[in-house]
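Colleague: Handing you a structure now.
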Amino acid sequence: MNRLSHSIRRINSPRLIPAFQNPKSLCLNPTTQFSTNTMSQASAVVGNGDTKPNTWQGAGAAEFDLRSDTMTKPTASMLEAICQTTLLDDVFNEDPVTNELQRYVAEITKHEASLLVLSGTMGNQVAIRSHLAQPPHSVLCDHRSHIICYEAGGVSAWTGATMQTVVPKNGIHLTLEDIQKHAVLDDDIHHCPTKLISLENTLDGMIMPLTEAKRIVEWAHSNDIKVHLDGARLWEAVVAGAGSLPEYAALFDSVSLCFSKGLGAPIGSIIVGPQDFIKKARWFRKSIGGGARQTGIIAAAAQVALKETFGTDPSGQGGKLAATHVKAKQVAELWTSRGGKLEKQPQTNMVWLDLEASGVGLNDLSLIGEEKGLKLTGGRIVVHYRTFLDLFEKQTLISDLSQKYRTRRSLSWSKCLILPSAASTKEAKIPASHTEVDSIFQSKNSASVDKVLRISTPNLQPLPLSTWAPRLQ
């Protein structure tokens, strides 16, 4: 019997902790345990973003992937925990490591019980379904929230609920006033009564203050409305100093928390709530295929991620997330120092670039990022604890983008209004075609032009260059 077969046999034995002689030799460099044929197959698989076997010695391509904090990669200590975990059946509530994780999370969030789920989407869907009985009912949420935009219409499909989406007046987070304006409290048969409010914190990297969350929950409960929190990134709000984990989590009837985003576990989320709620949620989790068996491999990595990345303090201090907030602010400062605009000031680990106001196209950002070895998408830069990001070594990315910004302002508009610096304010504004603008800027210093504006009038005809070029002399 070879060593790998012996190890697998020991994993499947009904022991509390499988006793590998040397877990690191098996787990931290797993490629040494497989045949040449297995190795050739593994080489075709992407590991840590690279087309080579994953040795788990570093973050790999995740270091330079700023598209999302879902791009984090598990650490070697997480893999070691997987190798030493228990492998009993969670459907029967028998796996010790899974049960310990659920006990620990319930304790630190000040809830009675918790339930491990495979993803944040599963957590939200199971929680919402567990709160709702039967239609007619509606769920009120922010119009940008994950449950309405990125969960495949699951709430309506699975619960029959109407979704009431609300645009926050302050542009950042919902307030009690926003909710009071849109909640349906009457029993008019034309209406669909609000039975659940689903909040999200953080949302787009922005924090809902603890005081506002308290106001909303107290009002909702006074009107017999349950409140669920999508807290996939609640860790970020806590680390930013908005409130402790138990202060936030204990407010809500249920909370979903994600292990695989900023915390860096390979898979898994968890929902917390009252004991009877979790019992019901376990039933619904099973009904959609979430009753996994040997969940110890998920729970072990999640527990390491929680304690190492977030930390053991309820405030999240002493973990790894605070540094990502500092880096995000550095990215924002670097961007604005080169003339770039922001959609909003970063509060946690997300930087939202206002590309349109900065004169930068989406393709410019991703293409220049690719040239510099960074993966970027849209106008969002997400910093995570596996990010290499001494961005000051990558600041040529910002320089190149700012250069494109300046060039585009000067040369790239197809129709422009040009006002010469010496012209009277009463002098007519003169349109020009794309080629004419290029020509004049190649021959004249742009400092001689006071203002260049985009024309939106569709029927405006450009004049020949000869009729207006002398005006710039």
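Read the figures in this text as sums done on the coordinates, not as results from a lab. Just so you know, these numbers come straight off a predicted model, no measurement behind them. Please note: Cβ atoms are built from the backbone with ideal geometry, for glycine as well, and neighbour counts cover all protein chains shown.
Colleague: For the pair E100 and T377, how long in nm is the line joining their label points, each one 7 Å along Cα→Cβ?
Modeller: 3.7 nm
Colleague: Here's something else I'd like to know. Which FRET efficiency value, to the nearest 0.05, do you get for Q134 and A250 by plugging their Cβ-Cβ distance into 1/(1 + (r/R0)^6) with R0 = 35 Å?
Modeller: E(calc), rounded to 0.05, equals 0.75.
Colleague: With the cut-off at 31 Å, tell me which of the pairs K73/K372; K279/K344; K279/K329; K195/K307; K279/K327 have Cα atoms farther apart than that.
Modeller: Among K73/K372; K279/K344; K279/K329; K195/K307; K279/K327, the Cα-Cα distance tops 31 Å for K279/K344; K279/K329; K195/K307; K279/K327.
Colleague: If each residue of separation counts as 0.36 nm, what is the full-extension length gain between Q345 and N363 once their alpha-carbon separation is subtracted?
Modeller: Extending this stretch completely gives an extra 4.2 nm.
Colleague: Based on alpha-carbon atoms only, what is the radius of gyration of the stretch 122-197 relative to the globular estimate 2.2 N^0.38 Å?
Modeller: For the stretch 122-197, the normalised Cα radius of gyration is 1.08.
Colleague: Further question on the same structure: Stretch L176-H143 to full length: gain in nm at 0.36 nm per residue minus the Cα-Cα span?
Modeller: Stretched fully, the L176-H143 segment lengthens by 10.4 nm.
Colleague: With r defined as the distance between the Cβ atoms of L185 and E107 and R0 fixed at 30 Å, what FRET efficiency is calculated, to the nearest 0.05?
Modeller: The formula returns an efficiency of 0.25 here.
Colleague: Among H325, H143, which comes first, second and so on when ranked by fewest other beta-carbon atoms within 10 Å?
Modeller: The fewest-first ordering by Cβ neighbours comes to H143, H325.
Colleague: Considering amide H positions built from the backbone, and no H for Pro or chain starts, which residues 5 or more places from S269, or on another chain, come under 5 Å of its amide H?
Modeller: Close amide H contacts, sequence-distant or interchain: V117, L118, S119, F259.
Colleague: Next question, about the same structure. Measure off 7 Å from each Cα along the Cα-to-Cβ vector at D224 and S77, then give the distance between these two points in nanometres to one decimal.
Modeller: 4.9 nm
Colleague: Taking the Cα centroid of the stretch 287-363 and of the stretch 123-170, what is the distance between the two, rounded to the nearest whole Å?
Modeller: 24 Å
Colleague: Taking neighbour counts of Cβ atoms within 10 Å as a proxy for exposure, in what order, fewest first, do Y104, Y150, Y248 appear?
Modeller: In increasing order of surrounding Cβ atoms, one gets Y150, Y104, Y248.
Colleague: Using the Karplus equation 6.51 cos²θ - 1.76 cosθ + 1.60 (θ = phi - 60°), what ³J(HN,Hα) coupling, rounded to whole Hz, does each residue of the stretch 113-128 give in order, writing x for Gly and Pro?
Modeller: With coefficients 6.51, -1.76 and 1.60, one gets 7, 8, 9, 6, 10, 7, 8, x, 4, 4, x, 4, 5, 5, 5, 5 Hz.
Colleague: In what sequence do C258, C192, C149, C83 fall when counting other Cβ within 10 Å, fewest first?
Modeller: Ordered from fewest to most neighbouring Cβ atoms within 10 Å, C258, C192, C149, C83 come out as C149, C192, C83, C258.
Colleague: Something else: Near the amide H of V166, under 5 Å away, which other amide H atoms are found, from residues 5 or more places off or on another chain, if H is placed in the peptide plane?
Modeller: Under 5 Å from the amide H of V166: C141, D142, H143.
Colleague: Moving to a separate point now. Per residue of the stretch 99-110, what does 6.51 cos²θ - 1.76 cosθ + 1.60 with θ = phi - 60° give for ³J(HN,Hα)? Whole Hz please, x for Gly and Pro, Karplus curve as stated.
Modeller: Per residue, the Karplus-derived 3J(HN,Hα) values read 5, 5, 4, 5, 5, 5, 5, 4, 5, 6, 9, 6 Hz.
Colleague: Ok, one more. Whole angstrom only: what separates the Cα centroid of the stretch 246-262 from the Cα centroid of the stretch 178-195?
Modeller: Cα centroid to Cα centroid, the span is 26 Å.
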